[in-house]
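To start, the structure itself, in structure tokens.
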Amino acid sequence: MIKAVIFDMDGTLIDTEKYYRIFWPKALAHFGYEMSDEQALSMRSLGQPYAPQHLKDMFEDPDLDYAAIRKYRKEIMEECLDENGIEIKPGVFALLDFLKEKKIKRAIATATDTQRTEKYLKNLGLYDYFDEIICATMVEHGKPAPDIYQYACEQLHLAPAECMAVEDSPNGVSSAYDAGCKVVMVPDQAPPDEETKKKIAACPDSLNEIIKLFDALAQ
């Protein structure tokens, strides 16, 4: 039986993934690199130490200054989010209330750092819904490695098989799947590819649909 649901944050609970798709190319352009939309999509939920090497391989430049580019991307993206606000994905509160009523634990497993995660969740009134908030900075290897989901399960005092993960991207799906969680993907920026489809138990169009599917998925 599923006793906890662990959520990715960006693109799953809050509508921020589209901004990464915009601001990674802008940040790279600032440093003289041209990033395609397909390349930007490949960065979704990609954590340390994979993201720096991924960019170096992508542009065939071992001297690419990942730290500087990421710092600039965070600055210009935060300016945009502070000015325009962040939208919550449809069905978030309904699903979290549903899980709370069923006494199902709730956790976050995000590639975003702790400071920004807490800022976003508190500003949107989501913070108090979660029993555990796990960020990529708490583990050695970020997504797509399984570390963050394994650690989240440990903090919940549950086996991975007792936890359902809700993700929106292939890197996040792989992380949860390899940790041993049951994975539900709610696509955000792109539908699952064939390899990702093999790793998911369901692919609903929205978080609202998980409520309808939950009893069947929780077995």
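Read the figures in this text as sums done on the coordinates, not as results from a lab. What you see is a predicted model, and the numbers here were worked out from it, not measured in a lab. With ideal geometry, Cβ positions are generated from the backbone for all residues, glycine too; neighbour counts draw on all protein chains shown.
One table, with the values for the structure above:
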quantity	calculated
Integer Hz, Karplus 6.51/-1.76/1.60 couplings in order for region 170-186, x for Gly and Pro	x, 4, x, 4, 4, 4, 5, 5, 5, 6, x, 7, 7, 10, 10, 10, 10
Alpha carbon convex hull of region 79-219, projected area averaged over orientations, nm²	8.5 nm²
DSSP bridge pairs, the chain: antiparallel proportion in percent, nearest 5	5 percent
Cα-based helix-to-principal-axis angle, 114-123 vs the chain, degrees rounded to 10	60 degrees
Residue-averaged 222 nm ellipticity for the chain, from DSSP H runs of 4+ at -39500 (n - 2.57), nearest 500	-14000 deg cm²/dmol
Burial ordering of Cys163, Cys80, fewest other beta-carbon atoms within 10 Å first	Cys80, Cys163
Protection proxy ranking, peptides 88-95, 168-175, 8-15, average beta carbon neighbours within 10 Å, highest first	168-175, 8-15, 88-95
Between helix 207-217 and the chain: long-axis angle, C-alpha atoms, 0 to 90°, nearest 10	50 degrees
Nearest-ten-degree value, helix 17-30 long axis tilted from longest Cα axis of the chain	10 degrees
Table column - 3J(HN,Hα) (Hz), region 137-154, Karplus curve with 6.51, -1.76, 1.60, x for Gly and Pro	5, 8, 10, 6, 10, x, 4, x, 5, x, 3, 5, 6, 4, 5, 4, 4, 4
Loop GluC sites (Glu not before Pro), region 15-88 (other Cβ atoms within 10 Å of the site Cβ: 13 or fewer; DSSP)	Glu34, Glu60, Glu87
10 Å beta-carbon shell around Tyr151, net charge (K/R +1, D/E -1)	-4
Out-of-range pairs (alpha-carbon distance over 22 Å; input Lys56/Lys199; Lys74/Lys119; Lys18/Lys212; Lys18/Lys105)	Lys56/Lys199; Lys18/Lys212; Lys18/Lys105
Kirkwood hydrodynamic radius (C-alpha pairs) into Stokes-Einstein, region 51-114, 25 °C and 0.890 mPa s, D in µm²/s	160 µm²/s
Given the chain, longest segment not containing exposed loop trypsin sites (Lys or Arg not before Pro) (DSSP; at most 14 other Cβ within 10 Å)	1-101
Centre separation in Å (Cα based) which lies between region 160-180 and region 75-104	19 Å
Using θ = phi - 60° and Karplus 6.51 cos²θ - 1.76 cosθ + 1.60, couplings along region 48-64 (whole Hz; Gly, Pro as x)	6, x, 6, 4, x, 5, 4, 5, 4, 5, 4, 9, 6, 9, x, 9, 3
